[in-house]
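The values are calculated or read from the model by the stated rules, or taken from the named source; none is laboratory data. Remember, predicted model here, so these are calculated numbers, not experimental data. Counting neighbours? That spans all protein chains shown, and the Cβs are built from the backbone with ideal geometry, glycine included. Surface areas here come from the heavy atoms of the whole protein model, side chains and all, with no ligands, DNA or RNA. Shrake-Rupley method; radii C 1.70, N 1.55, O 1.52, S 1.80 Å.
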Amino acid sequence: MSDLRQSKAIIDMLAGEGHFIWAEPDRTPDMAGREPLAEHHSGRIPNGDRTSENPFRSIVRPKDNEVLVWQVPLGRDEDAFRELFAHLSREEKDRADRFRFARDRDRFVVARGTLREIVGDCLNVEPQQVRFRVNEYGKPFIDSDDEALRFNVSHSRDLALIAVTIGREIGVDIEFIDHQLDAVSTARSVFSKSEIDELESLTGTTRTNAFFRGWTRKEAYLKAIGMGFSAVSEDLPVSMFNESTGSMFEAQFGASTRMWSLISLAETAEFCSALAVEGTVESVSVTGRFEQRPTLLASVMMSRTQDRIVGRRIE
Amino acid sequence: MTREEIKARVLDILAGIAPEAETELLDPETDLREQLDIDSMDYLNFVIALDDEFNAGIPEKDYTKFTTIDSCVRQLETLGRS
């Protein structure tokens with residue numbers, strides 16, 4: 001990771017400063033204000049299997065300055081499962097077969113099949129026609145003429161998050177909050193000394209939650225740059241105290257400096273999640289809760305004036 | 001420590017990370033993350049547990065090299081000789 005030099009400059013962007021707007025949830029399917037998918041893709045499903053119950057009818061391609069984050073429960077519903085399995089490529093079906101436990105296999109099938117539905121809707125192609133490729137660190141990309149569409153997926157236990165956007169790198173992470181975990185011991189391998197000191201100053205649930213907050217923010221960023229924890233994450237400073245706001249920092253890749261935003265999406269007693277996105281966030285609308293049905297978790301609007309911000313140092 | 005002894009301890013540690021797994025049935029050459037629902041934190045804790053058990057001093061840059069049972073054994077053999 002020699003070409004990556006993390007800026008130590010990091011600030012918390014507090015709600016009320018105009019950077020973030022935390023909205024009350026709009027729980028209707030067209031939360032982001034788009035028209036229903038059926039109007040864009042009429043007749044797209046040749047076998048007519050896609051019914052009005054399909055939770056992703058409202059999906060359309062994100063706007064150029066928008067990030068959409070979908071939450072997908074990974075429990076098995078027989079009818080939906082058959083349809084989702086049919087979306088998979090031969091390689092994906094083989095991969096599903098390699099799981100030792102049916103539960104793990106089913107979760108993979110639901111997550112991957114749903115990803116194909118979402119990406120297919122964005123590209124206006126059938127889910128089966130979506131092609132993926134991976135970089136040397138295993139980060140998947142869409143193999144398409146439409147190279148602007150970016151996505152990232154994370155799952156933990158029975159819940160997945162799928163983030164999609166246009167023309168900017170994104171990473172998303174969700175973790176089940178394991179209260180049995182020795183947070184400080186695990187942190188010693190991947191957190192900086194100051195972050196470990198920060199954790200050690202906390203106790204009980206507060207410490208555990210802070211650890212997972214820090215972990216998901218680091219992991220989301222490292223997934224966004226396509227390296228996962230194969231990169232050395234202790235060089236990435238993140239705030240762990242701040243529960244509901246995001247942070248912004250600069251990172252240098254070779255000669256170019258990019259601005260990144262880190263956003264906590266939702267934190268419950270069971271799960272913690274974060275989104276990293278290239279650029280500067282203008283507003284966030286997030287439900288703040290996880291549900292047992294596929295739905296839009298967050299809509300993030302990015303600043304269009306990114307070019308003027310890139311290179312500015314934040315102290 | 002023989003290769004078989006290393007493997008047996010690796011499987012014991014893996015059973016602690018994925019308690020439902022019948023570790024002896026796992027393919028030693030296939031990525032563990034493709035056989036078990038192991039996420040990045042599970043994986044990190046697996047490597048940390050290997051490091052503790054074998055007192056191996058696994059460098060962070062090598063954390064990605066423990067993805068299969070066979071690669072775990074090879075890495076730990078190598079670290080044990082160094």
Review point. Quick one: in region B:24-33, which of the residues that are within 12 Å of chain A (Cβ to nearest Cβ) and surrounded by fewer than 20 Cβ atoms within 10 Å (Cβ to Cβ) is modelled with the lowest pLDDT?
Key: B:GLU24
Check your understanding: What are the residues in region A:95-151 that are within 14 Å of chain B (Cβ to nearest Cβ), of a type outside the set (Asp, Glu) and in contact (Cβ under 8 Å) with a residue 24 or more places away in the chain, if any?
Key -> A:ARG107, A:VAL109, A:VAL110, A:ALA111, A:ARG112, A:ASN135, A:TYR137, A:GLY138, A:LYS139
Exercise for review: Give just the number: which of (1) under 9 Å from the mean Cα position of the chain (by Cα); (2) more than 20 Å from A:ARG188 (Cβ to Cβ); (3) within 13 Å of another protein chain (Cβ to nearest Cβ) does B:VAL10 not satisfy?
Suggested key: (3)
Point to revise | Which listed residue, of A:LEU68, A:LEU74, is modelled with pLDDT of 85 or more, within 14 Å of chain B (Cβ to nearest Cβ) and surrounded by 17 or more Cβ atoms within 10 Å (Cβ to Cβ) | key: A:LEU74
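Of all residues in region A:161-179, which are touching a residue at least 40 places away in the same chain (Cβ under 8 Å), open to solvent by 10 Å² or more (accessible area, probe 1.4 Å) and within 14 Å of another protein chain (Cβ to nearest Cβ)? Don't jump to the end; show me each part of the working.
Residues of region A:161-179 that are touching a residue at least 40 places away in the same chain (Cβ under 8 Å), as a first pass: A:161-177.
From what's left, open to solvent by 10 Å² or more (accessible area, probe 1.4 Å): A:166-169, A:176.
Scanning region A:161-179 gives a single hit, A:PHE176.
A:PHE56 - would you say it is more than 14 Å from chain B (Cβ to nearest Cβ) and at pLDDT 95 or above? Write out each step before concluding.
Values: more than 14 Å from chain B (Cβ to nearest Cβ): yes; at pLDDT 95 or above: no.
It is false that A:PHE56 is more than 14 Å from chain B (Cβ to nearest Cβ) and at pLDDT 95 or above.
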Check your understanding: Can you tell me which of A:PHE81, A:PHE101, A:PHE85 is surrounded by fewer than 18 Cβ atoms within 10 Å (Cβ to Cβ) and at pLDDT 95 or above?
Key -> A:PHE85
